[in-house]
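Down below is the structure, laid out as structure tokens.
FYI, it's all coordinate maths here, none of it is from the lab. As the structure is a prediction and not an experimental result, all values here were calculated from the model. Don't worry about glycine lacking a Cβ; one is built from the backbone with ideal geometry, like all the others, and counts go over all protein chains shown.
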Amino acid sequence: MTVEHHAVVVGGGIAGLAAAASLLQEGWAVTVLERASAFTEVGAGLAITPNGMSALAALGADAAARTAGHRVRMTGTTDEHGSWLLRVPPAGPSGSGQEIHGIHRQDLHGVLLAAAHGAVLVTGTRVVSVTPGAANGARARVDCVSAKGAVSYDADLVIGADGLRSTVRSLVAPATAPRFSGKSSWRGIVADSALVTEDVTIMWGPGTEFGAIRVGAAQVYWYGYTSSEEGHRWPDEKAAALHHFRTWADPVLPLIDRTPGDQVIRHDVYDLAPDLRTYVVGRVVLIGDAAHAMVPTMGQGANSSLEDGACIGLLIGRPVNGGVALQAALSTFDALRRPRTQKIARQSRSAGRVGAGLDSRISIAVRNTLMRVVPAGSAMKAGASVLAWRAPA
Ligand SMILES: Cc1cc2nc3c(=O)[nH]c(=O)nc-3n(C[C@H](O)[C@H](O)[C@H](O)COP(=O)(O)OP(=O)(O)OC[C@H]3O[C@@H](n4cnc5c(N)ncnc54)[C@H](O)[C@@H]3O)c2cc1C
């Protein structure tokens, strides 16, 4: 007789839903606990890179993600006046030869919700405490509060996918906490079919990066990543963004200008410090931003969360079904996922220092000169190894 294993996933974001979908594929019973009153995402976009698409393929959700998103071309980076700093040689229909899809975050979330069909999805339920149990002994317990009162769940496995300010992480690894990056990011979605074509826009100016990517036939996502004081709020975020970018070349101002004012959002940007020494405690495993929140300069936070989610089923759910001890499976997960995701977080910090991290005229001039002479291939090497990841067979 096969024993059905039960996992509790804390957090119904990109990482949590991907983990739920991968465990369901392995025949586990899954409960997802989400503190918000509905499963949803912020009004912004992102780029699914080949590694994220491989994770989605492992969940059987790649076709749906391609349909929901929009295939785009990486063409390179310009300065704020639109003059090329780094130009990716055209190679096939997607420019870099890599398949990249822009997608609205709510659409990606919808794709993952469909893939997690069969999980028990519980909203309006905040996890307040986790007893990790022992990988080779007592089951874990998750305690929550909801409008109906306190409720507890026993689990063979608890996945802490509750984001940057993870309650699960604070219980199992209290020394690691969010660290403000000195940056915040305006983000918006604009209804448009003409301003930006299939080419991804990336522009670097003093202390600032602007990016735009088509996420649908008639929708473009843009972001403006710049220096900021922690917690600062502008009375009118759209007006502040228009002022900040007033001297930048097209398509920057038209994109901001055409975005409805109440849909221009801004978030301070954090990563985690110090790095976690392990993602695993007892029967608890941390994934996504809870484990390795990173600055968005390589566009890998959500993509690495998709990888984590797929690996929960492939590296833990499947082997445990096959008779491997949970402790061994958790150790394998930690040994494979922690070095990779912490390396991407470090690379993202370094990329940020070279791009929006520079604000003195002299250092920007030196960087721009170097970028114009360095062959695109060698400049893109670090990123290439990140994108080359494929889900374990
Ligand atoms: C400005 C900005 C731009 C970005 N751009 C990109 C990009 O272009 N590409 C990319 O790949 N990544 C990008 N990222 C990173 C990406 O957004 C995150 O890495 C990704 O969303 C992490 O997903 P997650 O599921 O781990 O966490 P989250 O999306 O934060 O989900 C956590 C969930 O847990 C729930 N929760 C929290 N606490 C509890 C609790 N106690 N009990 C129950 N539920 C709880 C929350 O409500 C939430 O639904 C960006 C991030 C920022 C800030």
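Residues that are within 26 Å of Gly60 (Cβ to Cβ), in a loop (DSSP other than H, G, I, E, B) and within 19 Å of the chain's Cα centre (by Cα): does segment 370-389 have at least one?
Yes; the residues of segment 370-389 include at least one that is within 26 Å of Gly60 (Cβ to Cβ), in a loop (DSSP other than H, G, I, E, B) and within 19 Å of the chain's Cα centre (by Cα).
Would you point out the residue of segment 123-141, among those that are near the ligand (Cβ under 9 Å from one of its atoms) and hydrophobic (A, V, I, L, M, F, W, C), that is surrounded by the fewest Cβ atoms within 10 Å (Cβ to Cβ)?
Ranking the qualifying residues of segment 123-141, first place goes to Val128.
Does segment 31-44 contain at least one residue that is surrounded by fewer than 24 Cβ atoms within 10 Å (Cβ to Cβ), touching a strand residue (DSSP E or B) at 6+ places or on another chain (Cβ under 6 Å) and within 27 Å of Ala393 (Cβ to Cβ)?
Among the residues of segment 31-44, not one is surrounded by fewer than 24 Cβ atoms within 10 Å (Cβ to Cβ), touching a strand residue (DSSP E or B) at 6+ places or on another chain (Cβ under 6 Å) and within 27 Å of Ala393 (Cβ to Cβ), which makes the answer no.
Restricting to strands (runs of 3 or more DSSP E) lying wholly in segment 131-232: which have 3 or more residues that are out of contact with any Asp or Glu (no Cβ under 6 Å at 6 or more places or on another chain) and under 21 Å from Val280 (Cα atoms)?
Those strands (runs of 3 or more DSSP E) span 140-146, 149-155, 157-160.
Filter segment 278-310 for residues that are among the polar types (S, T, N, Q) and under 8 Å from the mean Cα position of the chain (by Cα); which is farthest from the ligand (Cβ to nearest atom)?
Here the answer is Ser304.
So in segment 63-88, with the set limited to residues that are among the polar types (S, T, N, Q) and outside any helix (DSSP H, G or I), which one is surrounded by the fewest Cβ atoms within 10 Å (Cβ to Cβ)?
Result: Ser83.
Starting from residues that are in a loop (DSSP other than H, G, I, E, B) and more than 8 Å from the ligand (Cβ to nearest atom), keep the ones in segment 1-24 and report whichever is farthest from Thr201 (Cα to Cα).
The selected residue is Met1.
Among Gly27, Gly60, which is part of a loop (DSSP other than H, G, I, E, B), without any contact (Cβ under 8 Å) to a residue 60 or more places away in the chain, out of contact with any strand residue (DSSP E or B) (no Cβ under 7 Å at 6 or more places or on another chain) and not aromatic (Phe, Trp, Tyr)?
Every option except Gly60 fails the conditions.
For Gly110, indicate whether it is away from the ligand (no atom under 13 Å from the Cβ) and within 18 Å of the chain's Cα centre (by Cα).
Here the answer is yes, as Gly110 does meet what is asked.
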